Every structure is written in C-alpha cells, then in structure tokens.
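Read the structure below first, then the notes.
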Amino acid sequence: MVRMKDIALKLKLSQTTVSHVLTGKHELYRISPGTVARVKKMAEELGYRSSALARAFRDRRSYSVALAVEDLTNPFWTGVATGAEQEAERQGYVLVVSNTNGDPTRERRAVQMLQERRVDGMIVSPVTVADAALADLHKEGLPFVQIDRSVKGEDVPCVRTDHGAGSALAVDHLVKRGHKEIAYIGGPEELQTFELRVEGFRKAMARHGLKPAAVRLVAPTEESGAATVKELLAASPKPTGLYTANIKLTVGALRALRAEGVAVPGEVEIVGFDDIAMADLFSMPVTTVCQDVAAIGREAFRALLRVMNGQKVPREQLLPPRLKVR
C-alpha cells in the first residue's frame, strides 16, 4: 500500500506538503501550482489511494457537500450540478444533490443536512430574497455559498452570472437590429435573478433613449410565456422585439409565435436568457444570452472549499455572459 511518506521520499518533499496537497489544503497553505501538479502526478503513478474513512475520522469531516438547486429539469441547473460535481471529485469530495423545486420546505430539509453535520458545507440557490432557512444557517456560522441569487442583507458569498450585463447584451442586439418596440417577459422580482435582469433591461432601454413596449412579470414557465406572448401580439403597437428572461419563457414564447403564424425573426425577433440545446436547428432562429453554467458550479465549489477552510471569500463573484447570435 502506497503511503504519503512514499510520495514525499520520491519527490524529496516533506510529508506535510504532500498531505496538504492530497487532502485539498494546498490553497490554504499557498503551495505552488507546480508542486501540486508534481504531487498529484506522482500519486497517480504510484497508485496512491487515500482511506476515506481514516481521512474523515482524522479531519472530523465527512468529505461530502450538499448542492440544493431549484429545478433539475432545467438545463441551467443540471449544468451547474455537473460543474460542481466535477470540481468536488477533483478535490476528493462527494456531492449530494437535492432538487428543491423552489419549495421552502424542501430547501429546509436540505439545510438540515448541514445543521446535523451530515455534510461539511452547502451550495444553494435561495428560494426567495428573504430566505429564513439560509438566514438561520448564517447565524449559526455554518459554511455555505449561494449560486445564481442571494439572500438580501446576509454577508454570504454568491457566485452568479452578471444578469444585468446579460440584459444589456439582449437589448443592444435588438436595437442594433432596428427594433424600437421591445417587450420584456420575466419572472417575479421576488427572485433576485429576475429582479436583476429586469433592472438591467430598463437601464439598457433608457441608455438607448427607448421606453419598454411592455414589461410582464409572470410565473417563469412555458405556459406563462406562451400566454403572455399571445396577449402582447394583440396589443397596439405590437412589439417587434421580445426579450424572454429564462429558457422556459423562451420556449413558451416560441410556441405561441408558431401557433399564431408569426414569422421569426421576420415579424418578431426574440432574444432569450439561457442557451437552448440545438437552437441552431430550430426553424425559428433564437439569439440567446449564454451563461457558463459549468463554471458557476465549479467556482461555487471552490468558494465553498475556501469558506470551509476559514479563508476570506468575496461577497459576489460575477461571471460574464456572452451573446450567441443566430
């Protein structure tokens, strides 16, 4: 059985340095990336395998982390989970994924795993901006990181896309294409994600000297997207540009436009937030504001690891969106 001592002797390093690398503490002790790479390569070559039970007993950690997200049927959240899981595995942790479905009761059950010390930390997307369960976690001093949105008034790290910048990309594109009657369809402002996106939309429209043709805050579902588009098509003047603030609203909007026989982008052009898989194959081309979902998950896990190790982490880490024009 290969021991840390064997790796240290091979590399002429201290056993402490090797231990810090193989237990994921190299960032805390500022071990150089070159040394980290050498240790990991040698461990792989020698077939080193850590004893999870011994490590957990020694460090008083479970080496498992919870990820509580809103909706695993949404490609955004599955992408975030994949990114977080890959980074967790790289750091020697197991990721326990919970689907809250936006339900405070289900979220509280996930939170209890951390309160009962069944996991070492948590990555979570708050159900609302005034999330009592997460406020309690913060009061208890337990380690967690937020993704996509944050609880107002709580000094807890959050990793998310720059939603306002994404809205600006959408508006700028539609204006560049000659649209002046631009409508926004988004979810309720109780969710910070949509609060920031509609705020970014209004600011971008004002920057261009335009007033929104309409701002509709609805349930973020395909059904709501379809119903809202049908209503807007009957309005006068009818919007020629639509900005839909999540993937489900975008899909619902496209279905409504197809049902009404509206040519896209000939009569109405649409920009959606979140990329849609195989959108380039659609008969109705859709430009999308893309988020690096894997990076959100990956950076959230890295931030949580630093929190669990007692390191200082910025209140917000914003990742830039990009526009995919079709």
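The values are calculated or read from the model by the stated rules, or taken from the named source; none is laboratory data. Worth saying up front: this structure is predicted, and the values here are computed from it rather than measured. All Cβ positions, even for glycine, are placed from backbone atoms using ideal geometry, and neighbour counts span all protein chains on display. Surface accessibility is based on the protein's heavy atoms, side chains included, excluding ligands, DNA and RNA. Shrake-Rupley method; radii C 1.70, N 1.55, O 1.52, S 1.80 Å.
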Averaging 1/r across every pair of distinct alpha carbons in the chain and inverting yields a Kirkwood hydrodynamic radius, in angstrom, of 21.6 Å
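Rounded, prolate or oblate: which fits segment 69-171, taking a ≥ b ≥ c as square roots of the Cα gyration tensor eigenvalues, rounded meaning a/c under 1.5, else prolate when a/b beats b/c? Walk me through the intermediate numbers first.
Details: a/c = 1.64, a/b = 1.22, b/c = 1.34.
It is oblate, given that a/c is not under 1.5 and a/b is not larger than b/c.
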Averaged across orientations, what area in nm² does the convex hull of the alpha carbons in segment 68-123 project? 3.7 nm²
Area of ARG197 that stays accessible when all protein chains are in place (1.4 Å probe, Å², to 10): 10 Å²
Post the alpha-carbon centroid distance, segment 239-258 to segment 73-134, in whole angstrom. 29 Å
Which whole-number value in Å³ per residue fits the convex hull of the alpha carbons of segment 1-44? 61 Å³
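Of all accessible surface on the chain at a 1.4 Å probe, what whole percent is carbon and sulfur?
On the way: 7990 of 15400 Å².
In the chain, the share of accessible area belonging to carbon and sulfur is 52 percent.
Among DSSP beta bridges whose residues both lie in the chain, state the antiparallel percentage, nearest 5. Don't jump to the answer; show the numbers that get you there.
Details: 3 of 37 bridges.
Within the chain, antiparallel bridges account for around 10 percent of the total.
State whether segment 145-241 is rounded, prolate or oblate according to the following rule on the C-alpha gyration tensor (a ≥ b ≥ c being the square roots of its eigenvalues): a/c under 1.5 gives rounded; otherwise a/b larger than b/c gives prolate, and the remaining case gives oblate. Could the numbers behind the result be given before it?
Values: a/c = 2.71, a/b = 1.55, b/c = 1.75.
Note, shape of segment 145-241 comes out oblate.
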With a ≥ b ≥ c from the Cα gyration tensor eigenvalues, square-rooted, and the rule rounded for a/c under 1.5, otherwise prolate when a/b > b/c and oblate otherwise, segment 206-246 is oblate
For the chain, whose charge dipole is built from +1 on Lys and Arg Cβ atoms and -1 on Asp and Glu Cβ atoms, the candidate among ILE270, THR250, GLY47 with its Cα farthest towards the positive end is GLY47
Computed about the Cα centre, the charge dipole of segment 201-326 from +1 Lys/Arg and -1 Asp/Glu charges at the Cβ has a magnitude in debye, to the nearest 20, of 560 debye
In whole percent, what relative contact order does the chain give with Cα contacts below 8 Å and a gap of six or more residues? 18 percent
Leaving out ligands and nucleic acids, note down the accessible area per residue over segment 245-326 with a 1.4 angstrom probe, in whole Å². 43 Å²
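On average over all directions, what projected area in square nanometres does segment 190-326 have, based on the convex hull of its Cα atoms? Walk me through the numbers on the way to the answer.
On the way: hull surface 39.4 nm².
Average projection, Cα convex hull of segment 190-326: 9.8 nm².
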About its Cα centre, what dipole magnitude does the chain give when the only charges are +1 on Lys and Arg Cβ and -1 on Asp and Glu Cβ, stated in debye to the nearest 20? 1320 debye
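Using the Cα centre as the reference, give the magnitude of the dipole from point charges on the C-beta atoms of segment 188-269 (Lys, Arg: +1; Asp, Glu: -1; all else neutral), rounded to the nearest 20 debye.
Details: 11 positive and 10 negative charges, 50 e Å.
Its charge dipole is roughly 240 debye.
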For the chain, what does the helix formula give at 222 nm: sum of -39500 (n - 2.57) over DSSP H segments with n ≥ 4, over the residue count, nearest 500 deg cm²/dmol? -14000 deg cm²/dmol
So, relative contact order of segment 171-326 in percent, Cα under 8 Å, 6 or more apart, is 19 percent
